[in-house]
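A quick write-up on the structure given underneath.
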Amino acid sequence: MPNLPFKISVLVFVRDNDGRHLLIRRAKEPNKDCWSPIGGKLEMSEGESPFECAVRETKEEIGLDLQESDLHLFSMISERGYEGNAHWLMFLFDCKKRIQTIPENIDEGKFGLFSIEEIQSGKIKIPETDQKLLWDFWKKYSNGGMVVLRADCTTAGNLTSQIQQIISK
């Protein structure tokens, strides 16, 4: 495997008062034209923490002001060779604050609200790694606890993963 850059990012799972998930249809790579939770890369040159990044990205993308206490870190996923372009370390947060309306579109993409059933049905385009790794773990750990995963994305169409640690609530 060639040397690939290692990137660190966050995803923030935001819902409305009806429990529907706010997703963004990404206008840029990675995951262009796919629906996924909001988020972005850490400002590593600034020494930004994953919690600080989640707060910043949520404000930038949807205008929702958060405190770190509004977030629950429910998963950390290390992906090897995602799309053959990079290795990723992702921190997944459930947002305790709810949104009232769909935010306006931004350069990163457009927003929509979806039930967990719609997300898991395959009716909307979701990245393979999100479909296989994120949503079942969100359902299990978003209200407490945490799961740490290792995913190997180096073989196209053959994503493998293993749970490295579970922290119960």
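Overview of results
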quantity: Proximal lysines relative to LYS32, as straight alpha-carbon distance under 20 Å, when same-chain residues fewer than 8 apart are discounted; calculated: LYS7, LYS41, LYS110, LYS123, LYS125, LYS132
quantity: In Hz, Karplus ³J(HN,Hα) per residue of region 130-135 (6.51, -1.76, 1.60; θ = phi - 60°; x = Gly, Pro); calculated: 5, 4, 8, 10, 8, 6
quantity: Fraction of accessible area attributable to carbon and sulfur, the chain (%, probe 1.4 Å); calculated: 46
quantity: C-alpha center-to-center spacing [region 70-108, region 120-143] in angstrom; calculated: 12
quantity: Cα-centred dipole magnitude for the chain, charges only on beta-carbon of K, R (+1) and D, E (-1), debye, nearest 20; calculated: 480
quantity: Rounded accessible area per residue of the chain, 1.4 Å, Å²; calculated: 52
quantity: Kirkwood Rh, angstrom, region 66-169 [1 / mean 1/r, Cα pairs]; calculated: 15.3
quantity: Amide proton proximity set for SER75, modelled H, under 5 Å, gap of 5+; calculated: LEU92, VAL147
quantity: Tensor-based shape of region 3-52 (alpha-carbon gyration tensor, a/c under 1.5 rounded, otherwise prolate or oblate); calculated: oblate
quantity: Environment charge of GLU108, counting only residues whose C-beta is closer than 15 Å and scoring Lys/Arg +1, Asp/Glu -1; calculated: +1
quantity: Charge dipole (region 3-126, unit charges on Cβ, about Cα centre) - positive-most of CYS34, SER49, ASN3; calculated: CYS34
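The values are calculated or read from the model by the stated rules, or taken from the named source; none is laboratory data. Only a predicted model underlies this, so the values are computations on that prediction, with no experimental measurement involved. All Cβ positions, glycine included, derive from the backbone under ideal geometry; neighbour counts span all protein chains shown. The area values use the complete protein model at the heavy-atom level, side chains included, leaving out ligands, DNA and RNA. Shrake-Rupley method; radii C 1.70, N 1.55, O 1.52, S 1.80 Å.
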